[in-house]
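Novice: Before I ask anything, let me first share the structure, which is written out below as C-alpha cells.
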Amino acid sequence: MMTTASTLEARPATARRLPPVDWLVLVALIAVGGVFVRAMLYTPADAMLGAVQRLFYVHVPSAILGMYVACTVLAIAGGLYLWIKDDRLDRVAESAAEVGFVFLTVVLVTGSIWGKASWGTYWAWEPRLTSALFLWFLLLSYMVLRDAIENREARARLSAVLGVLALLLVPFIHMTVYLFRGLHPEPIVLKPEAPSMPPEMLSTFGLAMVAFSLLFFALMRLRYQWATARDARADREQA
Amino acid sequence: MRMLVAGAVLRQDAANTAMDSMSGDASLAQPSAATSALPERTGPPDTVSAMETGYIVATVIFLAYIALLMRRVATVRRSP
C-alpha cells in the first residue's frame, strides 16, 4: 500500500491542452440564462411576497450545490487523499471548495436581498444565516490555508483535514431551522414530505436545479483542468 | 388593518361624494385630498426591483468567477 501511495504521490501531473473556450461552461450558461428568463417572466409570483420570491430559483439551487454537494465532494476527496495520497483527489477537493465558495456567496447575497424585501433587513444574526456565514468563512479559510503553504504534500494534507471538518457543519446548518427559533423558513424542498409548491413553481425549480448542477460541474471541471495544468507547469519548472 | 381602515375611508368618502352630487353642489362633489393619500392596497407588495437586483448580482458573481478561471487558464496556456 505504501508503495502504491508513494508511486501516486511521485507521479507528475499531466495536463491536457486546455481548449480556448470551454463548451460545457457555455452550455451551462445558456441553460442558466434560460432558467432566469423562465423564472422571471413565466413563473407566477408568490401571493404574499410578490416577485422577490422568484429568487428562490437562484437561492435554493445554489445552496444545495454550494453547501451539500460541494462540501460532500470536498470531504470525500479530502478523506480519500489522506488515505491514498493521490494528487488528483487534492485537486478535486480544492476545486469543490472554490466553486462551493462562489455558490455560497450567491446564496448569502440573494438571501440578504430577499430578507430585506420580506423581513425588512439585509441581515439578522439568526441561526441559519449565522451558521451559513460560518461555512462561508470556513471555505475562505480553506483557500487561504492552501495559499499559505508552499509544500504541496503538506498543503494537501492539512487542507484535507479542514475539508473533512467542513462537512460536519453542513447537517448542523440544515437542522438550525428545526432546532432554533429564527427568521429563516423551514425547507420547502429538502424535507421528508413532498415539496410544498404549486406544480408550475416546482417545474421551474426542477429546471433550475438541472441548469445550476450543470454550471457547478462545468466550473468544477474547468477549475480541475486549470489545477492540473498548474501542477504540471510546477513539475516542469522543478525538473 | 391599515388596508381595512383605508378602504373604510374610501368607502365613506365615496358615499359623501354621491350624496353631494345628489344635492347639486358641484364644489362639494369634488373628492377630498385625503382620499388620494390613502389608496386601497391590494395584492402582493411590489418587489420586482429586489428580484431584479438579486438576479443581476448572481449573474455578476458567476460571470466574474468564470472570467477569473479563463484568465488563469490563459496564463497557464501562455507559459512554456
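Novice: Can you work out which of the residues in segment A:73-101 that are surrounded by 24 or more Cβ atoms within 10 Å (Cβ to Cβ) and out of contact with any Lys or Arg (no Cβ under 9 Å at 6 or more places or on another chain) is farthest from A:Met48 (Cα to Cα)?
Specialist: A:Gly78
Novice: Something else now. If you take the residues of segment A:27-40 that are of a type in the set (A, V, I, L, M) and more than 11 Å from chain B (Cβ to nearest Cβ), which of them is farthest from B:Tyr55 (Cα to Cα)?
Specialist: A:Val27
Novice: Could I ask something else about it? Within segment A:123-164, which residues are within 22 Å of the chain's Cα centre (by Cα) and of a type in the set (Phe, Trp, Tyr)?
Specialist: Those that are within 22 Å of the chain's Cα centre (by Cα) and of a type in the set (Phe, Trp, Tyr): A:Trp123, A:Phe134, A:Trp136, A:Phe137, A:Tyr142.
Novice: Give segment A:103-116 a look and list any residue that's surrounded by fewer than 22 Cβ atoms within 10 Å (Cβ to Cβ) and among the hydrophobic types (A, V, I, L, M, F, W, C), or say none.
Specialist: Passing the criteria: A:Leu108, A:Val109.
Novice: Looking at segment A:194-210, can you tell me whether even one residue there is under 18 Å from the mean Cα position of the chain (by Cα) and closer than 15 Å to A:Leu24 by Cα?
Specialist: yes
Here is a yes/no grid of residues against (1) within 24 Å of B:Ala58 (Cβ to Cβ); (2) among the charged types (D, E, K, R); (3) within 14 Å of chain B (Cβ to nearest Cβ):
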residue	(1), (2), (3)
A:Ser112	yes, no, yes
A:Thr121	yes, no, yes
A:Trp125	yes, no, no
A:Leu129	yes, no, no
A:Leu133	yes, no, no
A:Tyr142	yes, no, no
A:Arg146	no, yes, no
A:Glu150	no, yes, no
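Novice: Next up: For segment A:137-159, name all the residues that are touching a Ser or Thr at 6+ places or on another chain (Cβ under 7 Å) and surrounded by fewer than 18 Cβ atoms within 10 Å (Cβ to Cβ).
Specialist: Hit for segment A:137-159 is A:Leu145, nothing else.
The numbers here are math on the coordinates, done by the rules we state, and not lab data. Keep in mind it's a predicted model, so treat the numbers as computed, not measured. Glycine also receives a Cβ, built like all others from the backbone with ideal geometry; neighbour counts cover every protein chain displayed.
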